[in-house]
Amino acid sequence: MEIKQQRDGEKLTVQLKGRLDAVTAIQLDKEISKMLEGVKDLTLDFAKLDYIASAGLRILLKFQKRMNIPQGNFKIINVNRDVREVLDMTGFSRLLTIEETAAPKKLSFNF
């Protein structure tokens, strides 16, 4: 699995590519745990995530609990159909904030 991160102040966005299984869930937990200092807004981008196993689901719950700090936020964006089916069947889609796509940036035009 590939992990790319982008930090903007208290906001951290992590893009995942590949499979989130027993082996890569440990890797993801270690990587994100190092990055979370001072983060109040964590977003996982699943646009390129092909598969999620039960170990990956446990890590998502761990992140959800960790981000339940005052004014903390955790969400998942860009979930494909296969991963969404797993989240729905396991009930995780009711426990986590999932947005279908990233919110588009608002453009303003001055004339």
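Residues in the range 39-67 that are farther than 19 Å from residue 24 by Cβ and in contact with a strand residue (DSSP E or B) (Cβ under 8 Å, 6 or more places away or on another chain): 39, 40, 41, 67. Looking only at residues in the range 71-99 that are assigned to a loop (DSSP other than H, G, I, E, B) and open to solvent by 60 Å² or more (accessible area, probe 1.4 Å), the one that is farthest from residue 11 (Cα to Cα) is 97. Scanning the range 14-65 for residues that are surrounded by fewer than 19 Cβ atoms within 10 Å (Cβ to Cβ) and assigned to a loop (DSSP other than H, G, I, E, B) yields a total of 6. Only one of the numbered conditions (1) at pLDDT 95 or above; (2) within 20 Å of residue 96 (Cα to Cα); (3) open to solvent by 90 Å² or more (accessible area, probe 1.4 Å); (4) not in a helix (DSSP H, G or I) is violated by residue 68, and that is (1).
The values are calculated or read from the model by the stated rules, or taken from the named source; none is laboratory data. Predicted, not measured: the structure shown is a model, and the values here were computed from it. Positions of Cβ are generated from backbone atoms using ideal geometry, with glycine treated the same way; all protein chains shown enter the neighbour counts. Remember, those area values only see protein heavy atoms, side chains included, never the ligands or the DNA or RNA. Shrake-Rupley method; radii C 1.70, N 1.55, O 1.52, S 1.80 Å.
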